[in-house]
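All remarks here apply to the structure that follows.
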């Protein structure tokens, strides 16, 4: 890869760890500053003084305040990775992927789309040689875009965790749900407009009532009711 830039990553969470691993696997020069480094006496300004591009992999609410507290960082190109934040100090580059504890392969990282602020004209200059697909989004659309990401990703993960703990409560091995979950995901990826199956689409009123009764003391009752109401009102 023909990329001589020096990168800096601020943070010590999962995203920061993935970024450092990813950039390092490409042979790029990357420095990682966090509070742990600060505890050894290295200020963020001094530690990242040589960085051309600095990625802030910290919580959304902390990004702008951190930049204001450390104005010398603006000598570099600042990039934040929040899907929702609109910042006057840093370019938004949201990596459209969830990052867990397990590090990924270089090929997997290279497939992650970069969703970039529409007004950012320098994205290719900041990441030369990266093959990732790039999509641009208006800043005014970012909160809605990111809400959709959270619904589809975090919401799905919560529901899938729910079926596994629920199966355990029924004395079932939760792994038997895997084919159902895998097929459901694959089906909607192949055909996003597919017809939803199950009691909602069939109008099985008695079955739905039994579900509501079974979930009466369950915090997911309101989730079930919301899904049923959305389906009913859309048909």
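Taken together, the values in this text are just the output of simple stated rules run on the coordinates, not laboratory data. None of the values given here were measured: they were computed from a predicted structure. Neighbour counts are summed over all protein chains in view; Cβ atoms, including those assigned to glycine, are modelled from backbone coordinates with ideal geometry.
Here segment 120-194 yields Rg over Rh of 1.16, to two decimals, using C-alpha coordinates and the Kirkwood radius. Reported value for segment 50-157: 124 Å³ per residue, from the convex hull of its C-alpha atoms. The C-alpha atoms of the chain define a longest principal axis, and helix 60-69 lies at about 20 degrees to it.
A straight line joining the Cα centroids of segment 172-235 and segment 45-111 runs 37 Å. Here the extension length gained between residue 25 and residue 111 equals 29.5 nm, from 0.36 nm per residue of separation less the Cα-Cα distance. If you wrap segment 1-108 in the convex hull of its Cα atoms and look at it from every side, the mean projected area works out to 7.0 nm².
In the chain, helical runs assigned H by DSSP with n ≥ 4 each contribute -39500 (n - 2.57); averaged across all residues and rounded to the nearest 500, the mean residue ellipticity at 222 nm is -12500 deg cm²/dmol. Extending 7 Å from Cα along the Cβ direction at residue 189 and again at residue 165 yields two label points whose distance is 2.6 nm. Comparing mean-square fluctuations of 31, 221, 56 from a GNM of the chain with C-alpha springs under 10 Å, the top value falls on 221. Counting every alpha-carbon pair across segment 154-235, the share separated by more than 18 Å comes to 53%.
Helix 154-169 and the longest principal axis of the Cα set of the chain meet at an angle near 50°.
If you look at the Cα atoms of the chain, you get an Rg and a Dmax of 22.0, 67 Å.
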